[in-house]
1. Explain nothing, just the number: relative contact order of the chain, from Cα pairs under 8 Å at least 6 residues apart, as a whole percent.
2. Which percent of the accessible area of region 1-78 is formed by carbon and sulfur heavy atoms (probe 1.4 angstrom)?
3. FRET efficiency for Glu67 and Lys12, Cβ-Cβ distance as r, R0 = 25 Å, nearest 0.05?
4. 222 nm [θ] for the chain, helices only, -39500 (n - 2.57) per DSSP H run of 4+, per residue, to 500?
5. Quick check: net charge around Asp89, other residues with Cβ under 15 Å of its Cβ, Lys/Arg +1 and Asp/Glu -1?
6. If only Cα atoms are counted, what is the Rg of region 32-80, and what is its Dmax, in Å?
7. Suppose accessible area is computed on protein heavy atoms with a 1.4 Å probe; arrange Lys4, Lys19, Lys103 from highest to lowest.
8. Ranked by accessible surface with a 1.4 Å probe, highest first, in what order do Arg85, Arg29 come?
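The values are calculated or read from the model by the stated rules, or taken from the named source; none is laboratory data. Note that this is a predicted model, so its numbers are computed, not measured. Note: ideal-geometry Cβ built from the backbone for every residue, glycine included; neighbour counts use all protein chains shown. In case anyone asks, the SASA skips ligands and DNA or RNA and just uses the protein heavy atoms, side chains included. Shrake-Rupley method; radii C 1.70, N 1.55, O 1.52, S 1.80 Å.
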Amino acid sequence: MYVKINDNIKLKVKTCKTKSEISNGMMNRRFTDFNGMLFFMEPTNHCFYMKNCITPLDIIFIDSNLEILKIFNNCPPCNEDDCERYCHDGKYVLEVPGGFCKKHNISVGDICKIKF
């Protein structure tokens, strides 16, 4: 599966749809055979945190029209029980390596395409 942003940035993504996949996310994982992790959610407010993540992440919230609503940049890993939470509305959430959005000039209002 692929996500394309602004018709010029193509990411091979791993998808998370089940509660277990969503809650585990990028915990104890590295980006190896994929560039991002795409979460399929109900279109409501969601909170993500970086518990047991290995590397910093950019967290991108996307609405049902595939428009980027919010980006949290370079969210640091957390190995504590009380991690900072990154919350916003969205139907999809895309996690990419920290710094990816700034490097590729991705910003709020950009449009994504999901290719199955």
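1. On the way: 265 pairs, mean separation 37.5, N = 116.
About 32 percent, as a whole number.
2. Working: 1830 of 4070 Å².
Of all accessible area on region 1-78, carbon and sulfur atoms account for 45 percent.
3. On the way: r = 22 Å, r/R0 = 0.86.
According to the calculation, E is roughly 0.70.
4. Values: 2 runs with 10 residues, N = 116.
Computed ellipticity for the chain at 222 nm equals -1500 deg cm²/dmol.
5. Numbers: positive: Lys70, Arg85, Lys91; negative: Glu42, Asp63, Glu67.
Neighbourhood net charge equals 0.
6. Both quantities, over Cα of region 32-80: 12.0, 35 Å.
7. Working: Lys4 80, Lys19 180, Lys103 155 Å².
Sorted descending by solvent-accessible area, the residues read Lys19, Lys103, Lys4.
8. Details: Arg85 135, Arg29 80 Å².
Largest accessible area first, the list is Arg85, Arg29.
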